[in-house]
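Asker: Let me begin by handing over the structure; questions about it come next.
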Amino acid sequence: MLHMMTSDAQHGSPGERAGNDESGPLAGIRVVDLSSVVMGPYATQLMADLGADVVTIEPAAGDTNRRMSTGPHRDLSGVSLNLLRNKRNVAIDLRSEAGREVAGRLIGRADVFLTNLRPGALERLRLAYEDVKAINPTVVYCSAQGFPSDGERADDPAYDDVIQADSGLIDTMRRATGTAAMVPSLVADKVSGLSLAFAVAAALVHRARTGEGRWVQVAMSEAVRSFVLVEHGAGAVPDAPRGAAGYERILTPARRPQATADGWICIFPYHRSHYERLAEETTTTGEKATWAPGGNRDPSAMYELLGSITPMRTTADWLAVCRQAGIPAARVNSLDDLIDELPIAVHPKAGPYRVTPMPARIEGVEAGRPRPAPTIGEHNRAVLVELGYADTDIQQLEDASVLWTRPGGGSGGSTSGGGGGR
C-alpha cells in the first residue's frame, strides 16, 4: 500500500535532493519520470539539463530508447545517451506491492510526476491522478498520451507515425509533393515533449505562487494538431470550400532547396528590398531574372526563379551576396556535417559520444558537460537510501527482484532478472 507523506517530509532535505546542476533554474526540483520511448524522456531531458533532479523509473528490460538506432553499449544507444543524460535511474517492478511502495515514497518527495503510460495502465498500477494526489497533494502531475483522456481513444496506443497521420502532417506532405509521406523525423514525439516541458514549467510557476499542485495533460494528437494548424489552419474560415485549407507558400511543390554551382542553398527573399537587391545582382552579371516590382506575389514563381539563377554561382558566393544584402539564406548542411560539429563527451561505460545541444541558452547554465546517462537501475541504492530505506530493506528488495540492476551495469542491485513496470 502506498503511504501518505506529510508535507514536511515531502520534498526532503537539500542533502537528500541530489540535483543535477545547482546553478540551473530548475535546481531543487525533483521530477519522477515514468515515461518511455522519446516524448516523455525528451521533456525530462530538457528539465534535467536545466538543473532538475530527474529520477527515471524503468522496468528490468529497460526503456525502448535504449535500443533505438546503433550505440556503443548494450543498454545505451546513441539516442539514449542524450535522452537519459543528467538523470538518475531506478529499476523497479511496479507490478509488485513492494515496488509500488518504493514508487510511492519517491513520488511523495517529488515536485513533478510525469508519465506517458495510458490511463488504463495507470489505474492498474494505482498511479492515476487521484492516487498520486493522495500521496502528494501539491505535486504537479503530468500525464501524456496519444489521445485525450476524456475521449473514446484514450487507451489507444499511439506512436509518431500514428500522430503524423492524425494531425494532418501526412496530408501536408501529400499536398506539397503529390505523395502521402511522413516527415522523416520524430516530429510528433518531439513537439509533444516540448509541450510537456513548458506545461510543467507553467504549473510549477503556479504552484510557487499559490502552493497548489496541478494535473497537466498533453495529448499528442492535440499538441501536434495545434502545431500544424498555426499556419495551415489560418484560412479555415467558416464555409470555406473543401481543399482551401493550408498555407500556399509552404505547400507549393516549388518550395525546395536551390542548386548552386557546387552544392545546395536555401534563399528566401522576404521584403521588397530583398527582391530589389537580387534584381540588381542578377541583371549585372548576365543571369536572366525578372523580379516583379516590390517582390513576387506568386510563391511558386518566386521559388522557380530562384532555382533558375542559383546554379550560376557557388554556395559561398550566394551566401556572401545574401549576407551583404540582409537576405535570409543558409547552406544545406548534411546530417554528417551537423554531427561532426557536436562536442564529444566520454561516458564511463559506453566511451566517447556526441552531445546534442540544448534548445535554449540560459545565463548561468553551462551546456555541453552532461552527467552520463545511467545504466538500468544504476541508482537503486542511492535513491532508496535518500528515501530512508535501510541497507537490510534494500537487500530484501533486491533478493525479491523488486529492484533490478544489469550485471556489471550499476552501483548496486540484484544480478538476477526481475519484473518490469510497463
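Throughout, read-outs are computed from the coordinates displayed, never taken from laboratory work. Just so you know, these numbers come straight off a predicted model, no measurement behind them. Methodologically, a virtual Cβ is constructed for each residue, glycine included, from the backbone with ideal geometry; neighbour enumeration extends over all protein chains shown.
Asker: Collect residues whose amide H, placed 1.01 Å from N in the peptide plane, falls under 5 Å from the amide H of W264; neighbours closer than 5 in sequence don't count.
Answerer: V332
Asker: For the chain, how many pairs of lysine residues have a Cα-Cα distance under 29 Å, where the two are 8 or more positions apart or belong to different chains?
Answerer: Details: K87/K133; K87/K190; K87/K349; K133/K190; K190/K349.
For the chain, qualifying lysine pairs total 5.
Asker: Under the Kirkwood approximation for Rh and a Cα-based Rg, what ratio Rg/Rh is obtained for region 79-130? Each step should come with its number before you reach the end.
Answerer: On the way: Rg = 12.4 Å, Rh = 12.5 Å.
Across region 79-130, the Cα-based Rg/Rh ratio is 0.99.
Asker: Using alpha carbons only, how many angstrom separate the centre of region 199-242 from the centre of region 304-377?
Answerer: With region 199-242 and region 304-377 each reduced to a Cα centre, they are spaced 29 Å.
Asker: Now for a different question. Relative contact order (percent) for the chain, with alpha-carbon contacts under 8 angstrom and 6 or more residues of separation?
Answerer: The value is 19 percent.
Asker: So how tilted is helix 272-283 from the main axis of the chain? Cα-based, degrees 0 to 90, rounded to 10.
Answerer: For 272-283 against the chain, the angle is about 50 degrees.
Asker: Tell me, what is the Rg over Rh of the chain, with Rh the Kirkwood radius over Cα pairs?
Answerer: Value, to two decimals: 1.06.
Asker: Ok, one more. Between beta-carbons, use under 12 Å as the cut-off and find the net charge around E123, counting Lys and Arg +1, Asp and Glu -1.
Answerer: 0
Asker: What does the charge count near A60 come to, summing +1 for each Lys or Arg and -1 for each Asp or Glu among other residues with Cβ under 9 Å from its Cβ?
Answerer: Result for the neighbourhood of A60: -1.
Asker: Classify region 92-250 as rounded, prolate or oblate, taking a ≥ b ≥ c as the square roots of the eigenvalues of its Cα gyration tensor: rounded when a/c is under 1.5, otherwise prolate if a/b is larger than b/c and oblate if not.
Answerer: It is prolate, given that a/c is not under 1.5 and a/b is the larger ratio.
Asker: If you count, for each residue, the other Cβ atoms within 10 Å and average over each peptide, how do 273-280, 106-113 line up from highest to lowest? It would help to have the intermediate numbers written out before the result.
Answerer: Working: 273-280: 17.5, 106-113: 24.5.
Order by mean packing, descending: 106-113, 273-280.
Asker: What is the packing order of peptides 135-143, 180-188, 199-207, 42-50, taking the mean over residues of other C-beta atoms within 10 Å and listing the highest first?
Answerer: Answer by packing, highest mean first, reads 42-50, 135-143, 199-207, 180-188.
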